[in-house]
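Written below as structure tokens is the structure these notes are about.
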Amino acid sequence: MASLEEFRAYHSPLKDFYQGKSVLLTGGSGFLGKLLIEKFIKCDVSEILLILRRKKGVSPTDRLEQLLGKEPVFVNYVKDPQLYRAKIRVIEGDVSEVGVGIANDDLAYVYERTNIIVHAAADVRFDESLKESIQTNVRGTQEMLMIAEKCHKLEIFTYISTAFSHCVREQIEETFYEPPLDPTVLIRVLEKMDDMDNFEMLSKKIIEPWPNTYAFTKSLSEEIVRRYQTKLPIAIIRPSIITTTKEDPFAGWTDNMYGFNGVVCGAATGVLRIFHIRMDYKASIVPADTVINSTLAVTWYAATHPGQEHVFNCTTDDNPVSWRDTERQLEQWKDRIAFEKSLWVTTYNTTRYKPVADVLAIFYHLLPALLFDAVLRVRGHRPRVLKLYQKVHRFSAVLRFFTNNEWRFRNERMRAVLDALAAEDQHFFPCDPKAIVWNDFLDDQIKGLRVYLMRDPWSTLEKTLPRHRRRMLAHRCLLVMLYGALFYLAVHLLQGFGLLDFQGLHVHDGEGIGYQEAQAAIVD
């Protein structure tokens, strides 16, 4: 990818739009937020007003220092830490709180300085309580829009949603949709509700037919944004299943185990061994840097094209890949990139039938877990594998909806943005899904997951491969023993029911049918 010097030296309407601007960013400590910070630094914005909350007793300023020093995605930090410190102004706040929890002095600064707002903060957990999801995803978006109304120099408010906010439809257009409920009414109900236990018990009924609280609350938050489009310049971008980076700032980076990343890591570490999925369906995965650069392109385009409805689907429907394609490519690496932190060898099995997946999970997950835990007990260690598989099954359950359904995402508006980019922008802001070479991307993904997510440095690979080969030998021996035992059992059962008889095939001292007798019988 281009160096900071190369990036600063080139000019285009997209890149120059950000230079000298004051950007208010939420979700800066999250996966997309970190990538946005790095990109804004390269774009030479005047400042990034970063809303961060205090977490586990650590102040927002200290959290930022920890992030900058830990994450390799901040590629210029080691060389020039002052480049980041001079650009980033931390504002203590929490989007799940009323008023985003920002102090009055900081609010006055935000109102006076902000040119661009990118609202990337979200509770992305599929199994989060409805209360928490509403507070962060719905009310948090409303509170940010209320702040945006008072920003004197605001040019654009961009909201990062999800392509699955309307997953109850087979085809998702680049437009607003009628929400299942009035979001402001639901916020008021939540704030006045005393019995939260009953509220959560009703949550499954409330969110139907949406598969989880995340997708449901994102659909509500989009309605909140729609209601402000007559008051503010706004844009919504909807990425699909976000995975590792393709190339910007380098290939294979991620920091979270959600979605497709979790499936690949689970299979690569020998933990996820059976998965309910329709392999020939389209995998709606999209590289993280494609999302980030698309977000910056959409923000520029919406700000410079007022008076239009700016809703954009950020997906790879122009260049699709199936789940089977991803599995085949990743299968090629299972014996070459062994994970140090693995439970067993990669044995990834799939089925389109849920009952089959549930039954096989007993043999592929639960029984091996009991065996591993028994070994741990014998060695004096605390058993933990069964507990791990309980998490794996919860993870698999929330993904099942997305791996067994298929959608068509229209992207005419997103394509118009891509067509409006200058020629050099596709080098410095790579975001065209047609440019993705899936085999290369998937190769970089598995390498990146090992290094950046599992924290397995390449220096351990030489040590890990011999252990992997021993496990493969043990695995094959176990399979021979298992299938041999099953064959032996099947033969005896068939014999017991009189369906199989080997006795007549033997010749013992005149007993049975000999060759001459058999030949005579054929002649007769």
- line: Residue hits (region 447-479; of a type outside the set (Lys, Arg) and closer than 27 Å to LYS42 by Cα) are GLY448, LEU449, VAL451, TYR452, LEU453
Long-range neighbours under 7 Å by Cβ, at least six apart or interchain, first residue farther than 13 Å from THR315 by Cβ within region 149-171, second open to solvent by 60 Å² or more (accessible area, probe 1.4 Å): GLU149/LYS231; HIS152/GLU112; VAL168/PRO209; GLU170/ARG408
message: Looking only at region 89-120, count every residue that is buried (at least 17 other Cβ atoms within 10 Å of the Cβ), modelled with pLDDT under 95 and more than 12 Å from ILE51 (Cβ to Cβ) and tell me the total.
response: 0
query: How many residues does region 472-518 hold that are open to solvent by less than 70 Å² (accessible area, probe 1.4 Å), at pLDDT 85 or above and either aliphatic (A, V, I, L, M) or outside any helix (DSSP H, G or I) (or both)?
result: 6
- prompt: Which condition number does TYR348 fail, the rest of (1) crowded, with 22+ Cβ neighbours inside 10 Å; (2) more than 26 Å from LEU24 (Cβ to Cβ); (3) among the hydroxyl-bearing types (Ser, Thr, Tyr) being met?
  reply: (1)
- prompt: Taking the stated definitions as given, is LYS334 buried (at least 17 other Cβ atoms within 10 Å of the Cβ) and among the basic types (Lys, Arg)?
  reply: yes
In region 122-141, the residues that are open to solvent by less than 40 Å² (accessible area, probe 1.4 Å) and either at pLDDT 95 or above or outside any loop (DSSP other than H, G, I, E, B) (or both): LEU130, SER133, ILE134, GLN135, THR136, ASN137, VAL138, ARG139, GLY140, THR141
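The values are calculated or read from the model by the stated rules, or taken from the named source; none is laboratory data. None of the values given here were measured: they were computed from a predicted structure. Heads up, the Cβs are rebuilt from the backbone with ideal geometry, glycines too, and the neighbour counts pull from every protein chain shown. Note: accessible area is taken over every heavy atom of the protein model, side chains too, but ligands, DNA and RNA are not part of it. Shrake-Rupley method; radii C 1.70, N 1.55, O 1.52, S 1.80 Å.
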